[in-house]
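**Q** Before we start, here is the structure in question, set down as structure tokens.
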Amino acid sequence: MDAVPRDLLRARETWRHRHLLDLERLTAEELTAILDVAAVIKQESDDCRRKLSWLAGRTVANLFFENSTRTRTSFSLAARRLGADTVEFSASGSSLSKGETFVDTARNIEAMNVDVMVVRHGTPGTPHLLAQQLECSVINAGDGAHEHPTQGLLDIFTIRERCGRIAGLTIALVGDIAHSRTARSNIWGLTKLGAHVIVCGPSTLVSRGWEKFGVEVAYDLDEILPRCDVLNLLRIQFERQATRPFPSVREYALLYAMDRRRLERAKPGIVIMAPGPINRGVEITPDVADGPHSVILDQVTNGLAVRMAVLWLLTR
Ligand code: CP
């Protein structure tokens with residue numbers, strides 16, 4: 001068994017939550033504790049390459065009722081990098097088709113001595129329901145348009161790593177704020193840690209209602225751009241919309257896509273982020289997505305460190 005650093009043992013002793021369901025309920029101190037644990041784990045595991053044995057004998061189950069590339073793979077690898085066993089469940093091909101309920105499905109998987117259940121579902125609140133029904137820890141891997149807490153944490157971790165701080169930065173979330181669980185988790189986490197958050201996009205996708213949570217609302221990217229330290233470019237979630245929120249994708253791209261022309265008018269050190277999947281040519285052009293300001297793939301690597309940290313803190 002690899003020795004666990006004393007800081008990590010102490011962090012787990014003082015951690016008081018059994019589940020990670022959202023960032024709305026975490027304090028600034030708790031958010032910082034997760035980021036600090038992730039930073040130690042990233043270092044101890046040689047940038048998440050080296051396998052540790054700290055969760056040997058534990059089992060993590062991935063229950064995904066919506067498609068995923070990054071989150072699912074990342075949780076699976078994070079669990080295995082910590083020495084845990086993993087179980088992969090997909091709705092397609094399961095006994096849900098025979099009438100078994102969602103909760104019964106989860107309870108049966110838990111009965112195989114699962115310690116942590118990672119859940120993605122299209123219905124907001126589904127992980128909260130499971131947290132009430134199960135004995136094991138539950139992690140929200142995205143519930144409808146509600147929250148995606150580990151995405152929020154890995155975004156914040158990446159900003160802190162790149163900029164050295166969160167407090168005092170101006171960070172714009174651009175795009176489909178109305179349907180983005182990533183936007184909500186970013187807003188709760190970043191505002192608690194002292195960032196100035198701007199939500200920017202078409203008025204059909206960005207509500208003035210965010211102002212009451214201390215967030216600036218903007219509709220003109222070119223106007224806010226020179227003030228921004230970080231841009232997080234969110235995908236338009238057509239799959240969650242009944243009607244198209246703007247006349248054409250081309251029109252959206254003209255007003256909101258981050259391209260070379262806009263980059264020239266931004267702060268020299270601006271950090272360009274996107275939670276993925278990205279639609280090249282819609283929210284970001286390929287030269288910017290693959291350029292020196294982009295940390296999009298660093299976000300994915302940091303997702304491993306953050307998810308290892310969350311698994312470590314929740315597993316007793
Ligand atoms: N960012 C994110 O949640 O990606 P996936 O949908 O591929 O997991």
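The values are calculated or read from the model by the stated rules, or taken from the named source; none is laboratory data. Note that the structure is a prediction, hence the values are computed from the model and not measured. FYI the Cβ positions are ideal-geometry reconstructions off the backbone, even for glycines, and counts take in every protein chain you see. Heads up: the accessible areas ignore ligands, DNA and RNA and are worked out on the full protein's heavy atoms, side chains in. Shrake-Rupley method; radii C 1.70, N 1.55, O 1.52, S 1.80 Å.
**Q** Against the definition (part of a loop (DSSP other than H, G, I, E, B), open to solvent by 20 Å² or more (accessible area, probe 1.4 Å) and closer than 19 Å to Val288 by Cβ), how does Arg244 come out, yes or no?
**A** no
**Q** Given the residues Glu264, Glu251, which is the only one that is of a type in the set (Asp, Glu), surrounded by fewer than 17 Cβ atoms within 10 Å (Cβ to Cβ) and modelled with pLDDT under 95?
**A** From the options Glu264, Glu251, the qualifying one is Glu251.
**Q** Now a separate question. Given Thr69, Thr14, which one is within 20 Å of Gln299 (Cβ to Cβ), open to solvent by 40 Å² or more (accessible area, probe 1.4 Å) and at pLDDT 95 or above?
**A** Thr69 is the lone residue from the list that is within 20 Å of Gln299 (Cβ to Cβ), open to solvent by 40 Å² or more (accessible area, probe 1.4 Å) and at pLDDT 95 or above.
**Q** Of all residues in segment 61-106, which are part of a helix (DSSP H, G or I), among the small types (Gly, Ala, Ser) and in contact with a Ser or Thr (Cβ under 9 Å, 6 or more places away or on another chain)?
**A** Ser74, Ser76, Ala79, Ser95
**Q** Do we find that His146 is open to solvent by 10 Å² or more (accessible area, probe 1.4 Å), modelled with pLDDT under 95 and within 14 Å of the ligand (Cβ to nearest atom) in this structure?
**A** no
**Q** Those residues that are within 21 Å of the chain's Cα centre (by Cα), buried (at least 21 other Cβ atoms within 10 Å of the Cβ) and closer than 28 Å to Ala106 by Cα, I need them from segment 39-64; list them, please.
**A** The answer is Val60, Ala61, Asn62, Leu63.
**Q** Which numbered condition trips up Ser185, out of (1) open to solvent by less than 20 Å² (accessible area, probe 1.4 Å); (2) free of Cβ contacts under 8 Å to residues at least 12 places away in the same chain; (3) not β-branched (Val, Ile, Thr)?
**A** Exception for Ser185: condition (2).
**Q** Does segment 276-316 hold any residues that are of a type in the set (D, E, K, R) and assigned to a helix (DSSP H, G or I), and which are they?
**A** Residues satisfying the conditions are Asp287, Asp298, Arg307.
**Q** Next up: All but one of (1) in a helix (DSSP H, G or I); (2) buried (at least 23 other Cβ atoms within 10 Å of the Cβ); (3) away from the ligand (no atom under 16 Å from the Cβ) hold for Ile166; state the number of the condition that does not hold.
**A** Only one criterion is unmet by Ile166, namely (1).
**Q** Within segment 106-143, take every residue that is charged (D, E, K, R), more than 16 Å from the ligand (Cβ to nearest atom) and without any contact (Cβ under 8 Å) to a residue 60 or more places away in the chain and give me the one that is nearest to Ala242 (Cα to Cα).
**A** Ranking the qualifying residues of segment 106-143, first place goes to Arg107.
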